[in-house]
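Asks: After the structure tokens below, expect a handful of questions from me.
Bear in mind that the values in this text are calculations on the coordinates, not laboratory data. Just so it is clear, the model here is predicted, and its values are computed rather than measured. Here Cβ is always computed from backbone atoms with ideal geometry, including for glycine, and neighbour counts include all displayed protein chains.
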């Protein structure tokens, strides 16, 4: 169970990702606003996670997020 959430959905954890059976990669199509920095995280089986291979930054509350 993988969810992607971020400032684009007010961190509401509504966007489920689907596993591609050919690549075993989780994917989702999301309409994102133009000219806005996108900050996000993944929720994998209920646990908040970043992708360490992608850029990260720490927000004003001390949370590390992908950007």
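Asks: When region 24-67 is examined, which residues are found to be touching a residue at least 12 places away in the same chain (Cβ under 8 Å) and surrounded by fewer than 10 Cβ atoms within 10 Å (Cβ to Cβ)?
Replies: Once the filter is applied, which keeps residues that are touching a residue at least 12 places away in the same chain (Cβ under 8 Å) and surrounded by fewer than 10 Cβ atoms within 10 Å (Cβ to Cβ), region 24-67 yields 33, 36, 37, 45, 46, 54, 55.
Asks: Separate question: Kindly indicate the residue of region 13-23 that is surrounded by 10 or more Cβ atoms within 10 Å (Cβ to Cβ) and part of a loop (DSSP other than H, G, I, E, B) and also farthest from the chain's Cα centre (by Cα) among those meeting that condition.
Replies: 20
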